2 protein chains.
Amino acid sequence: MRRFSTFALMHPEFIAYIKRQANLTDDEIKLVCSKGVERTIPRKQLLLQQGEICRHKVFVSKGCFSTFRTKEDGVKHIIDFSAEDSWIVDPESYNHGTPTAYSIEALEESVIIQWTKNDFNDLFAQIPQIKAYSEKLVSEKLLTIRQRLYSAISSTAEEKYDEFIKTYPAVFARVPLHMVASYLGVSRETLSRIRQAQVRR
Amino acid sequence: MRRFSTFALMHPEFIAYIKRQANLTDDEIKLVCSKGVERTIPRKQLLLQQGEICRHKVFVSKGCFSTFRTKEDGVKHIIDFSAEDSWIVDPESYNHGTPTAYSIEALEESVIIQWTKNDFNDLFAQIPQIKAYSEKLVSEKLLTIRQRLYSAISSTAEEKYDEFIKTYPAVFARVPLHMVASYLGVSRETLSRIRQAQVRR
């Protein structure tokens, strides 16, 4: 655990983010930060592996992660990308202490801040704003996934691709095409064809 | 608003459900029930229409609803079915007071109990267990949609169909095939072909 002054110096982005988003006082921010532990995750390293139990809430301070699941046939399916200023948690595994069905991988060298479940629950009890903020995050996540589900069942491959570029321009620029195809649930060949057609226009 | 005694007589299922799920005392259940209003929704009638604001939390006491969105080309896409003992709300519209992108239709004559947002917020303030229960529902919904999204991007049409029958046997028996196709995001022709092949086996 780091002392606050060091932490604040190292994570001005997190301090600015949490202050803005959760409307916390300086003392509350100090308390949140005092429980956070920083880790650097090398590219291609797993933050969480299918079968493990998710024991932390994670904030992405720098870098980008994919959350994926490997089907019985060995094919990886990416259900989420998480870049700077987003939170990563496997809600089912974290809430129930059960093995996760998903893996989370760093797509580039990344810096995270993580909190144990115990520490985060203490923060919930001590700072009602953090609880409210966390509920807001869950409810926003629900809307995002619902929109993505609607898109998955209603859109053509080209519409899905266009929506992805529009919604996640920062992620799009950093992620190889086969991962975008996996995320959209379309084949790599289909995606290449769409891109080539768009370039020709 | 009905008197509790009448309500309890008419909705023994709801009383049993909420007692079991939210772990409420009899006084708390009375309070919850005193704010609920019963409505019968005829088959094919809309409970909520795209463009309206969702102003109620709704419990399905009897019947079945579909939540769908109509794309610009006029095609309906069903993102959810809700049968007995489930809650219906458009979270985005309800939370933010914005027009909903979805419509909700009764697939058969249905009976609901509804609460206004004000009344439900009062219940939250007065009964902490209801707040905890509601958070649990949101978090379960998140898991369900996440699973459905994974299935949408990773499964074949036949796998999606089999999963649907397994997960929602009660809904499956009551819903016409073209709605199942819409829900799964596969064409009606594909679904008919899968069913015929399964029958032949």
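Tell me whether region A:96-104 contains one or more residues that are within 9 Å of another protein chain (Cβ to nearest Cβ), over 15 Å from A:H56 (Cβ atoms) and open to solvent by less than 60 Å² (accessible area, probe 1.4 Å).
Yes, region A:96-104 contains a residue that is within 9 Å of another protein chain (Cβ to nearest Cβ), over 15 Å from A:H56 (Cβ atoms) and open to solvent by less than 60 Å² (accessible area, probe 1.4 Å).
Being open to solvent by 10 Å² or more (accessible area, probe 1.4 Å) and within 12 Å of the chain's Cα centre (by Cα) is the filter here; which residues of region B:105-116 pass it?
Hits for region B:105-116 are B:E105, B:L107.
If you scan region A:144-162, which residues turn out to be more than 13 Å from chain B (Cβ to nearest Cβ), surrounded by fewer than 21 Cβ atoms within 10 Å (Cβ to Cβ) and touching a residue at least 12 places away in the same chain (Cβ under 8 Å)?
A:E158 - this is the single residue of region A:144-162 that is more than 13 Å from chain B (Cβ to nearest Cβ), surrounded by fewer than 21 Cβ atoms within 10 Å (Cβ to Cβ) and touching a residue at least 12 places away in the same chain (Cβ under 8 Å).
Go through region B:168-177 and give me each residue that's surrounded by 14 or more Cβ atoms within 10 Å (Cβ to Cβ) and of a type outside the set (F, W, Y).
Within region B:168-177, B:V171, B:R174, B:V175 meet the criteria.
If you take the residues of region B:178-196 that are within 19 Å of the chain's Cα centre (by Cα) and among the aliphatic types (A, V, I, L, M), which of them is most open to solvent (accessible area, probe 1.4 Å)?
Ranking the qualifying residues of region B:178-196, first place goes to B:M179.
Going by the structure shown, is A:E28 part of a strand (DSSP E or B), charged (D, E, K, R) and away from chain B (no Cβ under 14 Å)?
Values: part of a strand (DSSP E or B): no; charged (D, E, K, R): yes; away from chain B (no Cβ under 14 Å): yes.
No.
For region B:130-138, check the following and say yes or no: at least one residue is more than 22 Å from A:A101 (Cβ to Cβ), within 9 Å of chain A (Cβ to nearest Cβ) and open to solvent by less than 70 Å² (accessible area, probe 1.4 Å).
Yes, region B:130-138 has at least one match.
Within region B:30-86, count every residue that is among the polar types (S, T, N, Q) and closer than 24 Å to B:Y17 by Cα.
Our first condition is that a residue be among the polar types (S, T, N, Q); within region B:30-86, this holds for B:34, B:40, B:45, B:49-50, B:61, B:66-67, B:70, B:82, B:86.
Remaining after also requiring closer than 24 Å to B:Y17 by Cα: B:34, B:40, B:61, B:66-67, B:82, B:86.
Number of matching residues: 7.
Go through region B:120-164 and count every residue that is of a type in the set (A, V, I, L, M, F, W, C) and touching a strand residue (DSSP E or B) at 6+ places or on another chain (Cβ under 8 Å).
Number of matching residues: 5.
Could you please find all residues in region A:171-190 being at the interface with another protein chain (Cβ under 10 Å from one of its Cβ atoms) and closer than 20 Å to A:S86 by Cβ?
Passing the criteria: A:S182, A:Y183, A:L184.
If you check B:F65 against the conditions, is it away from chain A (no Cβ under 12 Å) and touching a Gly at 6+ places or on another chain (Cβ under 9 Å)?
No; evaluated as a whole, the condition is false for this residue.
The values are calculated or read from the model by the stated rules, or taken from the named source; none is laboratory data. In this text, all values refer to a predicted model and were calculated from it rather than measured experimentally. Here Cβ is always computed from backbone atoms with ideal geometry, including for glycine, and neighbour counts include all displayed protein chains. Calculation scope for accessible area: heavy atoms of the full protein, side chains included, ligands and nucleic acids excluded. Shrake-Rupley method; radii C 1.70, N 1.55, O 1.52, S 1.80 Å.
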